[in-house]
1. Can you list residues whose amide H is under 5 Å from residue 150's amide H, if they're 5+ apart or on another chain and H is modeled 1.01 Å from N?
2. What value, in deg cm²/dmol to 500, does the helix sum -39500 (n - 2.57) over DSSP H runs of n ≥ 4 give at 222 nm once divided by the residues of the chain?
3. Name the shape class, rounded, prolate or oblate, that the alpha-carbon gyration tensor gives for the chain, where a ≥ b ≥ c are the square roots of its eigenvalues, rounded holds for a/c under 1.5, and otherwise prolate holds if a/b is larger than b/c and oblate otherwise.
4. Below 8 Å between Cα atoms, with a sequence gap of 6+, how large is the relative contact order for the chain in percent?
5. Pick from 133, 34, 155: which is most flexible by mean-square fluctuation in a GNM of the chain where alpha carbon atoms under 10 Å apart are linked?
6. Just to confirm the number: angle between the C-alpha axis of helix 37-49 and the first principal axis of the chain, 0 to 90 degrees, nearest 10?
7. Across the stretch 141-158, in residue order, what do the Karplus-derived ³J(HN,Hα) couplings come to in whole Hz, using 6.51 cos²θ - 1.76 cosθ + 1.60 with θ = phi - 60° and x for Gly and Pro?
8. Most fluctuating residue of 159, 73, 149 in a GNM of the chain with Cα springs under 10 Å: which is it?
Amino acid sequence: MALSATLYTFAVQLADVDRGVYQDLELRVARHPSETAEYMVTRLLAYCLEYTDGIAFSDGGVSSAEEPAVLVRDATGRLTTWIDVGAPDAERVHRAAKLADHVAIYTHRDPAKVLAPLTGKRIHRVEQIPLYSIDRNVIDAAASALERRNTLTLSITERLLYLDVNGTNLTTPVTEYRLDAGQ
């Protein structure tokens, strides 16, 4: 018997001062059986930090090579933004950059270990692709605070993330790296 996804709900108050985005969101996030809580938290934060019209969690992003964890489509249905989570390989990032106008990667892993296998590889528009690193200890603490129903307050200013997950207050920088830094 196949395991099914566990559904989490989030009442999110988003204040992204850096981009001028202020939203109250009601999100339902399916945690797939193969997905860690830390990956799901990183995926949720990537969604919030990239929030714009047309954003969505993909159906198969956790286990699919065909879709990212989070994506943005315009009003015509065209894929405009590919947001990956974790440590995608160079071929996946290359393909993403050919399919979407904007590509970003969010990780809770050691950024040097994420960047190393990408350095020197053929990646379309590599100079335009950011890798955003969120401190693993903050991700772990946020994952530990999760319940099936959650309240989340997320503020970001000057790339400093202030996060409250069900009363657990966390702060961390969101550090940007460039994939082409080693080329």
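1. Long-range HN contacts for residue 150: 9, 10, 11.
2. Numbers: 4 runs with 37 residues, N = 183.
For the chain, the value works out to -6000 deg cm²/dmol.
3. Values: a/c = 1.43, a/b = 1.30, b/c = 1.09.
Rounded, because the longest to shortest axis ratio a/c is under 1.5.
4. Values: 373 pairs, mean separation 38.0, N = 183.
Taking the mean separation of contacting Cα pairs over the length of the chain, I get 21 percent.
5. Looking only at 133, 34, 155, the largest GNM fluctuation is found for 34.
6. Between the helix axis and the principal axis of the chain, the angle is about 80 degrees.
7. 5, 5, 4, 5, 7, 5, 10, 5, 10, 10, 10, 9, 10, 10, 10, 9, 9, 6
8. In the Gaussian network model the winner is 149.
FYI, it's all coordinate maths here, none of it is from the lab. From a predicted model like this one, the values you see are computed outputs, not experimental measurements. Every residue, glycine among them, receives a Cβ derived from its backbone with ideal geometry; neighbour counts consider all protein chains shown.
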